[in-house]
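Just so it is clear, none of the values below were taken in a lab; they were calculated from the coordinates. No experiment lies behind these values; they were computed from the predicted model shown. Don't worry about glycine lacking a Cβ; one is built from the backbone with ideal geometry, like all the others, and counts go over all protein chains shown.
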Amino acid sequence: MSNKGVDFYVKAGQRAMQWHKENIARMKKCNFDTIAVHGIYSMQEALDFNQGSIIEPIYMSTSQTYRDSDEMEAALSYKIPTFCYSRIANPSMYYYEGVLALLESYKTGVDASCIATASGMAAIQSAVDPFLVVDPKKPNAPMNFVATTQVYGGTYQQFSMRKEAEHKVEWRKVINSNNIDEWAALIDENTRFLYGELPSNPSQSFFDIAKVAELAHKHNIPLIIDSTVATPALLRPLEFGADIVVQSVTKSLFSSGFGIAGAIIARKNIHSNIDNDAMKEDFCTYLKLLPNRDNGPNISPMNAVLALNDIRTIRSRIDLVSRSTMKIAKFLENHKHIEGVDYLGLESHPLHELAKKYMFLVDSELDDIYNQKVNRYGHLMSFRIKGSAQNTRDVFDGFQRIWRATDLGRIKSVATIPAISTHQQQGEEGRKLAGIPHNLIRLCVGGEHPDDIIADIDQALSALDGKKYAISFPEYSAGGASSATLK
């Protein structure tokens, strides 16, 4: 067989890229739910390559074969699109990345790309590390970044231990994230990025994204937002000036709990004071082809497709769990054993009006049920038990419908005590900075009827009145925790 020449494949690749570009442009004209259901997988691809499969196939292959040496050369020099090796790219990852890029940029007027990662923590590391490099013009200058203290416990550990303690990159902590002057006071010529999580997990902090983005861009640095709790169904930070969005897709987007997944979605031409034009022009493609190619934090094809399947119903699901959470929060707000409730949907929350400005159920004005824009505030809330830490444990131990776990965003309601679980390792001082007291229970409301979750919370709270739980669980024997050891 005679080789066709590298140029033959380059031209074929250009035609393929143009077709995909046009297909994505067609999808951008669709409504949010249609994009979530179909993503960028087309009928033509199904018929040409996938035996007519209407659902994106799981490509469980580690690598791609090539027709000849010329095609291999063109592919491995990045002259044509390629799924050369699943550490870098894979068709299942491509469909997953495509739908998230479209959903996060929906009606924003922003051109965005996405890179898939194996977890939310891998996404955070991948999003921040390209900015934490030595500036050849100032090789001895101390680097820093500015980020809120109200972040997920794993993020706190990554910033405080992996970045600050191990690599001597200073984390300048914003305590009151809604104070723009506090952000501004921490930025200097060696600041590489601003970072925030909203709504934050578990303390429900929030800040004015547009103002913080404007501040970041004034200093020519990017704003990175972890929008895991909100999802693009309620908030799309790119619309308000954020450069990069991080999603722990494992959580709200991947509600079934069948796998672990993360993603980074970035606008084209991000702000950065790093002298790297390729990185700034298309951050996610740069990550895919270079740093993440070398570091290998990308998602597996199986998890990509499992997550993709859950994403299809994200808008209706987030609407459901948001309405349920509001009802539960209102019940707890007036309970005699509750010291306070942290939920942005409550008018009593000090940041309610700010969150109301930003958080809407996407396309609710197109919905026959609402016919107008409606605010929704997500599935995550926290509440504080009156009295001792033991009181909090007693209530927590009494849950019988709500699962005790460190997870969130599940279709089943899940609760944890952050001080002894997700935020344990950051220590008492770190928890104080983040606003996480010992008596706080984080609740992530699932798809159950809210009245059943309220009943479960109510019977658990009755333990503080000296009443027994409605159901008692069997104790474990000394032998371990398998079902075989239950008495």
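If a/c stays under 1.5 just call it rounded; otherwise compare a/b with b/c (prolate if a/b is bigger, oblate if not). Do that for the range 1-45, with a ≥ b ≥ c from the square roots of the Cα gyration tensor eigenvalues.
Since a/c reaches 1.5 and a/b is larger than b/c, the shape of the range 1-45 is classed as prolate.
Regarding the range 314-485, what's the average projected area of the Cα-atom convex hull, expressed in nm²?
Its average projected convex-hull area is 12.1 nm².
Let me know the shape class of the range 93-134, please: from the alpha-carbon gyration tensor, a ≥ b ≥ c as square roots of the eigenvalues, rounded when a/c is under 1.5, otherwise prolate if a/b is greater than b/c, or oblate.
Oblate is the answer for the range 93-134, as a/c is 1.5 or above yet b/c matches or exceeds a/b.
Using only Cα atoms, locate the centre of the range 381-456 and the centre of the range 259-294, then give the distance between them in Å, rounded to an integer.
Answer, in whole Å: 35.
On each of the three principal axes of the Cα atoms of the chain, give max minus min coordinate, whole Å, ordered largest first.
85, 56, 55
Just the Kirkwood number for the range 92-177, please: inverse of mean 1/r across all distinct Cα pairs, in Å, one decimal.
15.1
List the relative contact order of the chain as a percent without decimals, with contacts defined as Cα pairs under 8 Å and 6+ residues apart.
15
Given the peptides 260-273, 194-207, arrange them by the average over their residues of other C-beta atoms within 10 Å, most packed first.
So the order, starting with the most tightly packed, is 194-207, 260-273.
Arrange the following residues from fewest to most other Cβ atoms within 10 Å of their Cβ: 128, 99, 37.
If I rank by nearby Cβ atoms, fewest first, I get 37, 128, 99.
Quick one: Debye curve from the C-alpha atoms of the range 113-245, no solvent, what's log10 I(q)/I(0) at q = 0.09, 0.13, 0.18 Å⁻¹?
Relative scattering, expressed as log10 I(q)/I(0), comes to -0.23, -0.50, -1.01.
Enter the mean projected area of the convex hull around the alpha-carbon atoms of the range 209-297, in nm², rounded to one decimal.
Value for the range 209-297: 6.3 nm².
Taking the Cα centre of the range 314-485 as origin, work out the dipole magnitude from +1 charges on Lys and Arg Cβ and -1 charges on Asp and Glu Cβ, in debye rounded to 20.
Around 180 debye, computed over the range 314-485.
List the aspartates and glutamates whose Cα sits under 17 Å from the Cα of residue 28, skipping any in the same chain fewer than 8 residues away.
97, 104, 111, 239, 363
Where does the range 259-415 land on Rg/Rh, using Cα atoms and the Kirkwood Rh?
Answer for the range 259-415: 1.06.
What is the order of 444, 30, 284, 84, fewest Cβ neighbours within 10 Å to most?
Lowest to highest Cβ neighbour count: 30, 84, 284, 444.
If a/c stays under 1.5 just call it rounded; otherwise compare a/b with b/c (prolate if a/b is bigger, oblate if not). Do that for the range 383-474, with a ≥ b ≥ c from the square roots of the Cα gyration tensor eigenvalues.
Verdict is oblate for the range 383-474.
Exactly which trypsin sites (Lys or Arg not before Pro) in the range 155-198 are in a DSSP loop and have at most 11 other Cβ atoms within 10 Å?
Answer in residue order: 168.
Report Rg/Rh for the range 86-311, rounded to two decimals, where Rg is the Cα radius of gyration and Rh the Kirkwood radius.
Computed over Cα atoms, the ratio is 0.94.
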